[in-house]
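Here is the structure we will look at.
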Protein chains: 2
Amino acid sequence: MREVVVDAPSDTFAATRDFWAGALLSHAREVEEFPEFTALPGAASLSWVGLQDIGTAEARFHVDIETDDVDAEVLRLTGLGAVKVADGRTWVVRRDPSGLLFDVVPHESPWFDERSHEVS
Amino acid sequence: MREVVVDAPSDTFAATRDFWAGALLSHAREVEEFPEFTALPGAASLSWVGLQDIGTAEARFHVDIETDDVDAEVLRLTGLGAVKVADGRTWVVRRDPSGLLFDVVPHESPWFDERSHEVS
C-alpha cells in the first residue's frame with residue numbers, strides 16, 4: 001500500500017487541499033495528465049498522499065496498492081474477497097469486504113523493491 | 001502521517017480484517033490494551049496499517065498524524081481548518097474541511113526523525 005488519496009467533493013476541494021498541504025508541510029501540485037488529481041510532493045508522511053476532486057460524491061479516503069503484476073494481484077485480491085467496481089485506464093478500482101474503495105496500480109514508487117512482499 | 005486505519009463495522013469486521021491481512025501479506029494481531037483495534041505487523045505498506053471495529057457505524061478509512069507535541073500540532077491544524085470531534089485517551093480526533101476523520105497521536109514510529117518535517 002503506497003498511497004492515501006483524499007477524495008473531496010468540489011465544493012470543499014480547495015479548502016481540503018490547502019488543509020492537507022499545510023498539515024503535511026507540502027505544496028499542492030496539480031497532476032498534468034489527470035486534472036482531477038493533486039499531488040502533495042515530499043509530504044511529511046510514510047505513504048504518498050494525494051487528493052482527488054470527486055465532484056458531488058461524498059468525501060472519503062481511498063488507498064492505492066501497487067504491484068508489478070496488476071492482473072495477477074487483482075485476481076489474488078478477488079480471491080480474498082475484493083469486489084469489482086471498475087477497470088479503467090492504468091488502474092483498477094475495487095471494494096474491500098466492508099465496502100471501502102481501493103485501487104490496484106502498477107508499481108512506480110522508489111520504495112517498491114524494499115517494502116513490497118513477494119506473493120508465494 | 002504514519003498510519004491508515006480501516007474502520008469496519010462489526011458485521012463485516014472479520015472478513016475485512018482477513019482481507020487486508022491477506023492483501024498486505026501480514027497476520028492480524030489484536031492490540032491488547034485496546035480490544036477494538038487490530039494491528040497488521042510488517043504489512044506490505046509504506047505506512048502502518050491497522051483496523052478498528054466500529055460497531056454499527058459506516059465503514060471508512062481514517063489516518064493518524066504523529067507529532068512530538070500533540071497540543072501544538074492540534075492548535076496548528078485547527079488554524080488550518082480542522083474541526084474538533086473528540087479529545088480522548090492519548091489521541092485527539094478531528095475532521096478535515098471535507099469532513100474526513102483523522103487522529104493526532106504522540107510519535108512512536110521508528111521513522112519519525114527521518115520522515116517528519118519541522119514546523120517553522
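The values are calculated or read from the model by the stated rules, or taken from the named source; none is laboratory data. For clarity, every value in this text was computed on a predicted model and none was experimentally measured. Quick reminder, even Gly has a Cβ in these numbers, built from the backbone with ideal geometry, and neighbours come from all protein chains shown. Side chains included, ligands, DNA and RNA excluded: accessible areas come from the protein's heavy atoms. Shrake-Rupley method; radii C 1.70, N 1.55, O 1.52, S 1.80 Å.
Hey, A:Ala44 hits all of (1) under 16 Å from the mean Cα position of the chain (by Cα); (2) at the interface with another protein chain (Cβ under 8 Å from one of its Cβ atoms) but one; which does it fall short on?
(1)
What is the residue count in region A:20-41 for residues that are small (Gly, Ala, Ser) and within 8 Å of another protein chain (Cβ to nearest Cβ)?
2
Within region A:86-120, which residues are assigned to a strand (DSSP E or B) and open to solvent by 70 Å² or more (accessible area, probe 1.4 Å)?
Residues satisfying the conditions are A:Asp87, A:Arg95.
Among A:Arg115, A:Arg95, A:Arg76, which is among the charged types (D, E, K, R), facing another protein chain (nearest Cβ under 7 Å) and at negative phi?
Being among the charged types (D, E, K, R), facing another protein chain (nearest Cβ under 7 Å) and at negative phi holds for just one of A:Arg115, A:Arg95, A:Arg76, which is A:Arg115.
Can you name every residue in region B:2-19 that is facing another protein chain (nearest Cβ under 7 Å) and within 13 Å of B:Gly50 (Cα to Cα)?
B:Arg2, B:Val4, B:Val6, B:Ala8, B:Thr16, B:Phe19
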